[in-house]
């Protein structure tokens, strides 16, 4: 039963590589961590969306409320903001493809554009909020305002978080820390940014179109 | 290691004792921090329980001057016990054991691991600060249902409830980060040869638990956020007429029922490690156990509304059926455990006794739980002391007994010294008697119709059972004295444990006690779920060469320290 010799021969080379380089096999630790984090974020937004639909169903006879009729115009400012955020998802992916090729200049350019588009989106959301506040729609103005500002507010907070992350990878990219082989942070941030974008598309469809 | 010259980068800088504990990213030290912090919380939560029990010993108000303080006491008791004791203490055991059991040098993200831990004391401080605010701490029970928790002169006017919300969001975030960390560790950091179906059962239960944490905890965060908006910014999620209080219950229980399995699955994992070792047999039905664990996790998401049968807002047959279904995988596990012991060579050491305590008490908790799943029975027993009896049989009789089994089992690995067997048995006997004296009478009280969360009662037939429960409660408190004394003297003069005092099966017994910072100099061959057993009995080669050897160990340590930095590595 004792099998020392085969253990040595069978167990040397490959397991060593595996033990000292877990990250090299399959998906890397940071990216898996980010995917799981996004999973938890999906569940968080699921809770908010569930509350939105429950509230809307309970107030279906007055939705949107008569005082706020037509206040959420899908063809106004918010359309431009949506286009900007969707576009930023593309530039973000261009940045990932650039760094995968080892093209650092392309990576920095595309990340910078993504970062700026994210900031513009936040600015437009702030303008949108100011307009709505001016019309008397706030968190405390009944279920319509409560759900609208909670959902878009938490999305905005996530965009803000994403912009910070983009800032970090932009800074690190300019410092030359990424290469075709080592750019897990870029991949992870891009996944997060796409997630934020998908949440916005859902929010826009549900709040403005549905 | 002493003969081997480390490269300069791998030499750990010297750090003083306290500074080292405050800044550590070593999963073993963080695990011990979790255990110590959780035990302190156990004592604090226990104090509140004793206050509640003392008040209920006799009719009329004796201890508290008004009922509001009583409400604060049972609310903080439950919140502390669930969120700051049971969940973290099991996460702490997992934190200590999982990387060792899978032959990894550390968790996947050591610094996030430290962050997860340090959020807990902060959450505890926020929660308990409520007592020093105007209006006192949260007083709406651990469930904090609106409208009890809406802001209003008769509901929860003060900042205590807001502190409760913020504290729970913080603790939940800590859980989520911990869960992500466990999943990445288990999927990515296993030693060569450690396939998924060779994982120790404890690791499997932590895996399923972590999935539940990552999927369910964010949902309660959303409920808490909405409650906070309702309370502070004039939101109307849960406030009539346009909001719905039942919506909160749905979202809350969508987390809090899976959370029940978060609180018990790791304890099941602990006793599934303890029973085979002290029965000298492999676990009966290893794969069946894994599938049962996954089944409990999956079914756990479809039973939340059995907490809401009496609201009239849920589809009763579906949720009753799913709840009964959960008894099936749980029953499979009971057979696994019983047939592991059947015809085994039992050694009645303290860990085994606590594991058997788990089996018996959890069985009662499971049976009276299945009982309450029947809708008509639940309508009669809803919100009575029957429910209090049920949940304590599961969470105390189950999780706490399992947790103590784990403490007695791994204490020699953590410290290098054995706990005293005699004192351990005194601890068990006192706790077992005290536990049953406290919580068994609550079944009778529930059937007699005593509602939970009352400070005073007038039915004379409730007096004797209440007095018995109070005496039992103080007996449980007394059982902590031999335990704490045991830890204290064993740390100083306990018997030296050696690497493998129990002749264990899993990899943590293949390294020294306590293990070095990098965990393993060498790993045995992993050809089954019991690699150390195999190595001891010569089923595979001795000594093994599968893992990082002397050259690789510092590198592995380096790897563990910096893994969370991604590409800078």
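Yes/no matrix, rows are residues, columns are (1) closer than 19 Å to residue A:72 by Cβ; (2) at pLDDT 95 or above; (3) within 20 Å of the chain's Cα centre (by Cα):
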| residue | (1), (2), (3) |
| --- | --- |
| A:127 | yes, yes, no |
| A:142 | yes, no, no |
| A:151 | yes, yes, yes |
| A:160 | no, yes, yes |
| A:165 | no, yes, yes |
| A:169 | no, yes, yes |
| A:187 | no, yes, yes |
| A:195 | no, yes, yes |
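Scanning region B:450-487 for residues that are assigned to a loop (DSSP other than H, G, I, E, B) and either without any contact (Cβ under 8 Å) to a residue 40 or more places away in the chain or within 28 Å of the chain's Cα centre (by Cα) (or both) turns up B:452, B:453, B:454, B:459.
Just to verify a result, which residue in region B:184-208, among those that are touching a helix residue (DSSP H, G or I) at 6+ places or on another chain (Cβ under 6 Å), within 14 Å of chain A (Cβ to nearest Cβ) and not in a helix (DSSP H, G or I), is farthest from residue A:36 (Cα to Cα)? Ranking the candidates gives B:192 first.
Can residue B:216 be described as assigned to a helix (DSSP H, G or I) and within 9 Å of another protein chain (Cβ to nearest Cβ)? Please lay out each step first, then the result.
Details: assigned to a helix (DSSP H, G or I): yes; within 9 Å of another protein chain (Cβ to nearest Cβ): yes.
Taking the combined requirement at face value, the residue satisfies it.
Quick one: which residue in B:254, B:237, B:284 is within 14 Å of chain A (Cβ to nearest Cβ) and assigned to a loop (DSSP other than H, G, I, E, B)? After applying the criteria, what remains is B:237.
Just one of the listed residues (A:115, A:144, A:149) is within 14 Å of chain B (Cβ to nearest Cβ), surrounded by 17 or more Cβ atoms within 10 Å (Cβ to Cβ) and in contact (Cβ under 8 Å) with a residue 24 or more places away in the chain, and it is A:144. Out of A:176, A:136, one residue alone is part of a loop (DSSP other than H, G, I, E, B), within 24 Å of residue B:243 (Cβ to Cβ) and more than 8 Å from chain B (Cβ to nearest Cβ). It is A:136.
Would you mention how many residues in region A:1-37 are assigned to a helix (DSSP H, G or I) and either farther than 20 Å from residue B:211 by Cβ or modelled with pLDDT under 65 (or both)?
Of the residues in region A:1-37, 19 are assigned to a helix (DSSP H, G or I) and either farther than 20 Å from residue B:211 by Cβ or modelled with pLDDT under 65 (or both).
Annotation note: of B:207, B:183, B:224, the sole residue that is over 16 Å from the mean Cα position of the chain (by Cα), surrounded by 22 or more Cβ atoms within 10 Å (Cβ to Cβ) and more than 17 Å from residue A:47 (Cβ to Cβ) is B:183.
Restricting to region A:38-89, and then to whatever is outside any helix (DSSP H, G or I) and more than 14 Å from chain B (Cβ to nearest Cβ), can you tell me which residue is nearest to residue A:153 (Cα to Cα)? Lay out the reasoning, then the answer.
Taking region A:38-89 and keeping what is outside any helix (DSSP H, G or I), we get A:59, A:63-65, A:69-76.
Next, from what is left, pick out any that are more than 14 Å from chain B (Cβ to nearest Cβ): A:69-76.
Numbers: A:69: 21, A:70: 20, A:71: 17, A:72: 15, A:73: 18, A:74: 18, A:75: 20, A:76: 19 Å.
Among those residues, the one meeting the criterion is A:72.
The values are calculated or read from the model by the stated rules, or taken from the named source; none is laboratory data. Everything numeric here is computed off the predicted structure, so don't read it as measured data. Every residue, glycine as well, gets a Cβ built from its backbone with ideal geometry; the counts of neighbours run over all protein chains shown.
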